[in-house]
1. Across region 127-139, what is the total count of residues that are under 13 Å from residue 99 (Cβ atoms) and in a helix (DSSP H, G or I)?
2. If you scan region 133-144, which residues turn out to be under 30 Å from residue 4 (Cα atoms) and either out of contact with any helix residue (DSSP H, G or I) (no Cβ under 7 Å at 6 or more places or on another chain) or in contact (Cβ under 8 Å) with a residue 40 or more places away in the chain (or both)?
3. Checking residue 48 against (1) within 16 Å of ligand 2 (Cβ to nearest atom); (2) assigned by TED's automatic domain parsing to the domain that holds residue 7; (3) under 16 Å from the mean Cα position of the chain (by Cα); (4) touching a residue at least 12 places away in the same chain (Cβ under 8 Å), only one condition comes out false. Which one?
4. Hey, residue 19 hits all of (1) surrounded by 14 or more Cβ atoms within 10 Å (Cβ to Cβ); (2) more than 16 Å from ligand 2 (Cβ to nearest atom); (3) under 25 Å from residue 238 (Cα atoms) but one; which does it fall short on?
5. Which condition number in (1) in a strand (DSSP E or B); (2) more than 18 Å from residue 221 (Cβ to Cβ) is the one that residue 18 fails?
6. Right, residue 78: surrounded by 13 or more Cβ atoms within 10 Å (Cβ to Cβ), within 16 Å of ligand 2 (Cβ to nearest atom) and in the same structural domain as residue 200 (by TED's automatic domain parsing) or not?
7. For the subset of region 44-62 comprising residues that are within 13 Å of ligand 1 (Cβ to nearest atom) and touching a helix residue (DSSP H, G or I) at 6+ places or on another chain (Cβ under 6 Å), which member is farthest from residue 84 (Cα to Cα)?
8. Do you know which of the residues in region 13-34 that are in contact with a helix residue (DSSP H, G or I) (Cβ under 8 Å, 6 or more places away or on another chain) and closer than 18 Å to residue 60 by Cα is farthest from ligand 1 (Cβ to nearest atom)?
Ligand SMILES: Nc1ncnc2c1ncn2[C@@H]1O[C@H](COP(=O)(O)OP(=O)(O)OP(=O)(O)O)[C@@H](O)[C@H]1O
Ligand SMILES: [Mg+2]
């Protein structure tokens, strides 16, 4: 199977803080993966290293077949055309309308005609239930709306790989569910698309993907199907995953399809 993201023995320190000590994982074409870990564990740093926004101190990253370490600016730009990233902070251009933000991405990353861009904007904004916001500026939108525009922008370029950094953090549960369902609908409608969703929120992570990669204290603490890790992972992993889940309503736990053994033990 083709690997779209390969992170191999990556290390990264900021000043004297070792954030990433030894990170390795890969994501195959068409795979949907959640990258989980406590706040400050280095999830966003991993994503920025994958995109070549920051440089690793050691190790290698391969993105869509391109070795991103020591890559030329041109080659990197070309590779990034295959990737859509929704940043944790939204990162919309404040002085551009919603439609202009999406157009800007498409003009730089694709060869779509103006008509194709317009159609894409219409269908994506309708997909994220923001059909009426085309001509609005980011400051006129709520936090959740801005997040949805960031997601639409990440997907506007029809990327092979879509990366979402904390798409729901700081949002209420209802808005979070709307956003997650929206991402799901957009990703599942395109079977070949590879995606990585990064979050501290275990519930969001396990709703998004069967496979989770759990980062803690600079290393990959676990990587596999979350149901297996929840029941049989190392103690820290079981605790990290279960803390958030055991507080849930029992009907909801059933809806999430938590393992029966876990439900029997906690409700
Ligand atoms: N450019 C930087 N300069 C200095 N330290 C940084 C920089 N970027 C990240 N860090 C540090 O690296 C650590 C990991 O940060 P990072 O943002 O990757 O974590 P995270 O897992 O994404 O956290 P959160 O869940 O809160 O988003 C933090 O201690 C942070 O202060
Ligand atoms: Mg982060």
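The values are calculated or read from the model by the stated rules, or taken from the named source; none is laboratory data. All figures in this text were calculated on a predicted structure; none of them were measured in a lab. Counting neighbours? That spans all protein chains shown, and the Cβs are built from the backbone with ideal geometry, glycine included.
1. Number of matching residues: 4.
2. Start the filter on region 133-144 by keeping residues that are under 30 Å from residue 4 (Cα atoms), which leaves 144.
Residues satisfying the conditions do not exist here.
3. The single condition residue 48 does not satisfy is (4).
4. With respect to (1) surrounded by 14 or more Cβ atoms within 10 Å (Cβ to Cβ); (2) more than 16 Å from ligand 2 (Cβ to nearest atom); (3) under 25 Å from residue 238 (Cα atoms), residue 19 is out only on (2).
5. The number of the failed condition is (2).
6. For residue 78, the condition - surrounded by 13 or more Cβ atoms within 10 Å (Cβ to Cβ), within 16 Å of ligand 2 (Cβ to nearest atom) and in the same structural domain as residue 200 (by TED's automatic domain parsing) - is not met.
7. 56
8. Filtering region 13-34 for residues that are in contact with a helix residue (DSSP H, G or I) (Cβ under 8 Å, 6 or more places away or on another chain) and closer than 18 Å to residue 60 by Cα, the one farthest from ligand 1 (Cβ to nearest atom) comes out as 23.
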